[in-house]
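The structure under discussion appears below in the form of structure tokens.
The values are calculated or read from the model by the stated rules, or taken from the named source; none is laboratory data. Computed from a predicted structure; not experimentally measured. Every residue, glycine as well, gets a Cβ built from its backbone with ideal geometry; the counts of neighbours run over all protein chains shown. Note: areas computed on protein heavy atoms with side chains; ligands, DNA, RNA excluded. Shrake-Rupley method; radii C 1.70, N 1.55, O 1.52, S 1.80 Å.
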Amino acid sequence: MNRRDKHNYYLDIAETVLKRGTCLRRNYGSIIVKNDEIIATGYSGAPRRRKNCIDIGVCIREKLNVPRGQMYELCRSVHSEVNAIISASRNEMIGSTLYLVGKDMKTGEYVKNANSCSMCKRIIINAGIEQVIIRDTHDEYRFIKVQDWIDNDETFTGELGY
């Protein structure tokens, strides 16, 4: 019997979590793990008690042809990373790992070069999360040290258009 490696095990769980997502464009699932215990999960969806995109039948960013990675303020959804983070105490998250999986809702394919947006990166940094592991294929994933986001502050490089 070939036993699934631990990172893919947690990514499989994050992929299951993303199935609760309500975005018409891309859904993400996140889980936060510390000391081999899942401490929180989150998926993409509108704030509690607000209608989701799947309920109203339209994604405003898609309707306006907004490119990926731009104008997130138009989106109805709270990102999966944030939903996981607000479900856990900071004390539990210090030194933890966030596992992230994204899927395109039209194709069912994994999101190519998936990564946290700049706002989620800031929130992950403040939460005390140590690393993010992102699924690229069913069996392949990338490790990102959160310290790299701190050391390579994109807000000062012009990458975001500032």
Per residue of segment 24-33, what does 6.51 cos²θ - 1.76 cosθ + 1.60 with θ = phi - 60° give for ³J(HN,Hα)? Whole Hz please, x for Gly and Pro, Karplus curve as stated. 7, 9, 9, 10, 10, x, 10, 9, 10, 10
Where nothing but the Cβ of Lys and Arg (+1) and of Asp and Glu (-1) is charged, how large is the charge dipole of the chain around its Cα centre, in debye to the nearest 20? 800
What figure in square angstrom, to the nearest 10, would you give for the accessible area of ARG122 with a 1.4 Å probe? 100
Could you give each residue of segment 54-63 its phi-based ³J(HN,Hα) in whole Hz, using Karplus coefficients 6.51, -1.76, 1.60 with θ = phi - 60°, and x for Gly or Pro? 5, 6, 8, x, 8, 10, 5, 5, 5, 4
Does segment 1-51 come out rounded, prolate or oblate by the C-alpha gyration tensor, with a ≥ b ≥ c the root eigenvalues, rounded set by a/c under 1.5 and, if not, prolate when a/b is larger than b/c and oblate if not? oblate
Probe 1.4 Å, protein heavy atoms only - accessible area per residue of segment 49-108 in square angstrom: 61
For the chain, with equal point scatterers placed on the C-alpha atoms only and solvent neglected, what are the log10 I(q)/I(0) values from the Debye formula at q = 0.13 1/Å, to two decimals? -0.60
Using the Cα centre of segment 63-133 as the reference point, and only Cβ charges (+1 on K/R, -1 on D/E), how large is the resulting charge dipole? Debye, rounded to the nearest 20. 280
Quick one: net charge around ASN8, please, counting Lys, Arg +1 and Asp, Glu -1 for every other residue with C-beta under 15 Å from its C-beta. -2
Scaled by the rule-of-thumb 2.2 N^0.38 Å, the alpha carbon Rg for segment 93-143 gives a ratio of 1.22
Using only the heavy atoms of the protein chains and a 1.4 Å probe, how would LEU100, LEU74, LEU64 rank by accessible area, largest first? LEU64, LEU74, LEU100
If you take the beta carbon distance between THR155 and MET1 as r and set R0 to 45 Å, what does 1/(1 + (r/R0)^6) give as a FRET efficiency, to the nearest 0.05? 0.40
Net charge around ARG142, counting only other residues with Cβ within less than 9 Å of its Cβ (Lys, Arg = +1; Asp, Glu = -1)? -1
Using amide H atoms built in the peptide plane, which far-off residues or other-chain residues are under 5 Å from ASP136 H to H? TYR141, ARG142
Pick out which of GLY95, GLY42, GLY29 has the largest mean-square fluctuation in a Gaussian network model of the chain, springs linking Cα atoms closer than 10 Å. GLY95
So how much accessible area does ILE39 have, in Å² to the nearest 10, using a 1.4 Å probe? 40
For segment 130-154, list residues with backbone N below 19 Å from a point placed 7 Å from the Cα of ASN35 toward its Cβ? 130-131
